[in-house]
Ligand SMILES: Nc1ncnc2c1ncn2[C@@H]1O[C@H](COP(=O)(O)OP(=O)(O)O)[C@@H](O)[C@H]1O
Ligand SMILES: [Mg+2]
């Protein structure tokens, strides 16, 4: 298992093509966090830039409907993102073992709509809403969104000025008033 200074890895939660996610205990704070690591052994500058941008986007969203990102730690050739652990599990995982009653489904839909409204009010478009990116704590029923890896920020000054990623490349569309 990976070794990251100040953290004791407790369990692996997810391993995908681009990322590895685990639950870890901060040895100083004695508190549980989620670590999201880059899978690439040699991430490109674009990948590193995108990872930093995603961290900045999460930090501009001061809402409890989004999993907080606390720190970016350099690790080997990449970066590790330290995330909030609120005991959430993805809807994708939960739906493997349980079905939601209609009232639970509607409650979830209402909470999600509210979270998305707050994200949009901060000029961020998530662009990847799916059951793997929605977390629910089955006990507290708290709901939070994760994974802003495909998200777009709209500029306040000029809503047509966008930063977005197409595939693995950052495309800055700096549109001028004259088009
Ligand atoms: N803060 C978290 N708490 C609990 N599980 C998480 C957390 N962040 C990620 N995960 C788990 O890891 C999976 C992948 O995380 P995600 O950030 O969506 O990675 P990717 O960018 O590879 O899609 C999620 O579907 C979820 O199961
Ligand atoms: Mg995801």
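Restricting to DSSP H runs of at least four residues, report the calculated mean residue ellipticity at 222 nm for the chain, -39500 (n - 2.57) per run over all residues, nearest 500 deg cm²/dmol.
On the way: 3 runs with 43 residues, N = 179.
That comes out to -8000 deg cm²/dmol.
Largest GNM mean-square fluctuation across 95, 72, 83, computed for the chain with C-alpha springs under 10 Å, falls on 95. The relative contact order of the chain comes to 16 percent, based on Cα pairs under 8 Å that sit 6 or more residues apart.
Under a Gaussian network description of the chain, with springs only between Cα atoms under 10 Å, the residue in 16, 117, 88 that fluctuates furthest is 16.
Every number in this text was worked out from the coordinates using simple rules, so none of it is lab data. Small disclaimer: the values here were computed from a predicted structure and weren't measured.
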